[in-house]
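To keep things clear, I will list the structure first and then write my remarks on it.
The values are calculated or read from the model by the stated rules, or taken from the named source; none is laboratory data. The shown structure was predicted, so the numbers you read here are calculated from the model rather than taken from an experiment. Please note: Cβ atoms are built from the backbone with ideal geometry, for glycine as well, and neighbour counts cover all protein chains shown. Areas reflect the complete protein model, heavy atoms only, side chains present, ligands, DNA and RNA absent. Shrake-Rupley method; radii C 1.70, N 1.55, O 1.52, S 1.80 Å.
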Amino acid sequence: MTASPPEEPDDDGYADHKEKARRRQEAQSRAGRDIGVIPDIADIKRRTRCSKSLRLFCETYNPEAFPLKWSPDHIRVIERIEEAATIGALYAFAMPRGSGKSTICRMAALWSLAYWHCRYTLLIGAKGEKAEGSLDAIKMYCRFLPLFRRDFPEIAHAVA
């Protein structure tokens, strides 16, 4: 009995296998990034009215979080945040616990991002958990604030 010589490795077969796997992964990746058709903006006038006013943005898109009348301190803080977002001013402010500063800052970050008031929006938390909490809250706003979802579909639809 004569032993047959070892077969040469099928280089083309392996290359074909790799190429098929690459195409399959590319298709899966593309499908995972496809968020579908973005809905139209529901109310362009409402959206535009809020573009220059953080206060109006908060009252319009998250009214349940701001049921009370604004205090003079709140108005001053909102004005400073608007300046920081639109012209790059730097301010530090302190407010008592429970006065709404975290909610205002989270809405300010969303306002700044939604209207492209600055290229990068920075929201700092005292600890990693606080920062993650703020990011989670902003994502929740995008998913569940009904008017925001309808007026900013390019953001809300992508986040959802």
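Just to be sure, is Y120 of a type outside the set (S, T, N, Q) and either open to solvent by less than 60 Å² (accessible area, probe 1.4 Å) or in contact with an Asp or Glu (Cβ under 9 Å, 6 or more places away or on another chain) (or both)? When the stated conditions are applied, Y120 does not pass them. Screening the stretch 130-153 for residues that are more than 10 Å from the chain's Cα centre (by Cα) and in contact (Cβ under 8 Å) with a residue 60 or more places away in the chain and picking the one that is most open to solvent (accessible area, probe 1.4 Å) gives R150. Exactly one condition in (1) in a helix (DSSP H, G or I); (2) of a type outside the set (S, T, N, Q); (3) closer than 21 Å to H117 by Cβ is not met by D73; state its number. D73 satisfies all of (1) in a helix (DSSP H, G or I); (2) of a type outside the set (S, T, N, Q); (3) closer than 21 Å to H117 by Cβ except (3).
Residue under question is P72, and the condition is that it be exposed (fewer than 15 other Cβ atoms within 10 Å of the Cβ), under 21 Å from T103 (Cβ atoms), free of Cβ contacts under 8 Å to residues at least 12 places away in the same chain and within 20 Å of the chain's Cα centre (by Cα); does it hold?
Answer is no for this residue.
Within the stretch 111-129, restricting attention to residues that are among the hydrophobic types (A, V, I, L, M, F, W, C) and either in a loop (DSSP other than H, G, I, E, B) or without any contact (Cβ under 8 Å) to a residue 12 or more places away in the chain (or both), the residue that is farthest from R80 (Cα to Cα) is A126. Do we have D43 as in contact with an Asp or Glu (Cβ under 7 Å, 6 or more places away or on another chain), more than 29 Å from G32 (Cβ to Cβ) and touching a residue at least 60 places away in the same chain (Cβ under 8 Å) here? Yes, satisfied.
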